[in-house]
Amino acid sequence: MMPDMELDAVVSIALALALGLLIGIERGWTQRDQAAGSRFAGIRTYGLLGLAGGLGGALQTAFPALSAVLLAATAVLVVMGYWRSTRGQQAAPASISGTASLVGLLTLACGFVAGAGGHALASAATGVMVLVLAMRHQLHDWISRLDEREVLAIAHFALISLVILPLLPDTPMGPLDAWRPRQIWLVVVLVCGFSFLGYIAARRLGASRGILATAAAGAVVSSTAVTASLAGKMRDRAEDPAVLGSGIALASAVMFLRVIVLVAALAPFALSTLLAWAMPGMLTSLAGAWLLGRGSGKASAATSPDLALRNPFALGPALILAALVMVLSVAARWVLERFGDAGLAVVLALSGMLDVDSAIITMGNLPAGTIDPRLAALILMPPVLLNTLIKAGAAIGLAGWQQAWRSAAVLLASALAALAALPWLLPAL
């Protein structure tokens, strides 16, 4: 029987070969119309590149010199092959592409990682590479449709999310050590990100469906950020107010659904009682989303493309919401220090005003039997309802009463629907 170490090496090398062949299939299909002899490499070559990388990775411990020579020589052959394939194309430089040679080097690298035992990483990298290669036409089409303001919006979002956010400290500071700059700036990133996603969805799906799709997807992460983003658009009259209000109500419904799912996963002992008040709130939000969006078709159709697809970088509403987070964080810390642990319900309500998930996670981390399951479900009610009311206030504060009163009314109705179950739940304690 083959020793375990040798069997692992064979499996790793076989995976490297398979990954190379997978890349070769995509490359061969993409280049199927090119004349024979004009292609940089085909399915066999990419398969052998993966195999060479796999052998290099498997031999790096026992024979490091041989592994280095094999990898270096293969890389040189890839570069020489690219040089040879482009030498005759100098008269037509527009047809020269470095994709094939770069894919060859990446195939060698993925094979090496697989041969060294990093199966998951090699497979994931290969899958992403094949996907990017297969989306060539879609990516080129998307780039061709971008205008200057959209490229500028992408650059701005990259600045606030990839440059500023990682540089901010994540340590407590400010009054009562209530502020964590990175967490506060994350609110700005979320709001701007959802605004940009809404813009892309509107271009792909149309203004109405794009807003609703973005509201539902964004509320999985933060329904508060979605509300702030849509309220900012409502204030600027950038979209149909009925659709924006419907998106705010839909985000609230998704928030209730997210709470139900998280409780089922993290604190299942409280699920049955929680459903008694969370379901009415969710259904009310869904009904409000349908009612608000029911008459939006004509208005959306009449909206001009320039108005519907304006600059997506909504930094103003994001900064307003971040300031609100800072004020409420200080207020919550002051209450906790002044009055102490007056009760688990009060603590969770304060911590969950802007982050409902934190209250659920705290509940799930309690030792078993610490609290009655029915009481646990009721303790989770204040953060959820406070979050709903804060979103209603944020919508009115950002968009104004005239624009946002309908969506705020839906949020208030969903909170009242949840509270309506309270008389039936309290006697059960």
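Has region 130-139 got any residue that is part of a helix (DSSP H, G or I), in contact (Cβ under 8 Å) with a residue 12 or more places away in the chain and under 20 Å from the mean Cα position of the chain (by Cα)?
no
Looking at region 257-278, can you tell me whether even one residue there is closer than 12 Å to Ser407 by Cβ, modelled with pLDDT of 85 or more, touching a helix residue (DSSP H, G or I) at 6+ places or on another chain (Cβ under 8 Å) and of a type in the set (Val, Ile, Thr)?
no
Go through the residues of region 141-161 one by one and say whether even a single one is in a helix (DSSP H, G or I) and under 23 Å from Arg32 (Cβ atoms).
If we filter region 141-161 for residues that are in a helix (DSSP H, G or I), which is where we start, we get 141-145, 148-161.
Filter once more, so that each one left must be under 23 Å from Arg32 (Cβ atoms): 141.
Within region 141-161, one or more residues are in a helix (DSSP H, G or I) and under 23 Å from Arg32 (Cβ atoms).
Residues in region 226-237: is at least one acidic (Asp, Glu) and farther than 17 Å from Cys192 by Cβ? Walk me through it before giving the result.
Step one: filter region 226-237 for residues acidic (Asp, Glu), giving 236.
Next, from what is left, pick out any that are farther than 17 Å from Cys192 by Cβ: none.
Checked region 226-237: no residue is acidic (Asp, Glu) and farther than 17 Å from Cys192 by Cβ.
Going through region 255-273 one residue at a time, which ones are surrounded by 22 or more Cβ atoms within 10 Å (Cβ to Cβ) and part of a helix (DSSP H, G or I)?
Within region 255-273, Met255, Phe256, Val259, Val263, Ala270, Thr273 qualify.
With the structure loaded, tell me whether Ala52 is surrounded by fewer than 21 Cβ atoms within 10 Å (Cβ to Cβ), at pLDDT 70 or above, assigned by TED's automatic domain parsing to the domain that holds His137 and within 20 Å of Val76 (Cβ to Cβ) or whether it fails that test.
So Ala52 does not fit the description; no.
Quick check on this structure: which one of Ala41, Ala9, Ala16 is surrounded by 18 or more Cβ atoms within 10 Å (Cβ to Cβ), under 37 Å from the mean Cα position of the chain (by Cα) and at pLDDT 90 or above? Break it down into steps so the answer makes sense when it comes.
Numbers: Ala41 fails: at pLDDT 90 or above; Ala9 fails: at pLDDT 90 or above.
After ruling out the rest, the residue left standing is Ala16.
Can you find, within region 402-420, the residue that is farthest from Leu275 (Cα to Cα) among those that are modelled with pLDDT of 85 or more and of a type outside the set (A, V, I, L, M)?
Once the filter is applied, the top-ranked residue is Trp405.
Within region 286-318, can you find the residues that are over 30 Å from Ala153 (Cβ atoms) and at pLDDT 60 or above?
Matches in region 286-318: Leu286, Ala287, Gly288, Trp290, Leu291, Arg294.
The values are calculated or read from the model by the stated rules, or taken from the named source; none is laboratory data. Predicted, not measured: the structure shown is a model, and the values here were computed from it. Heads up, the Cβs are rebuilt from the backbone with ideal geometry, glycines too, and the neighbour counts pull from every protein chain shown.
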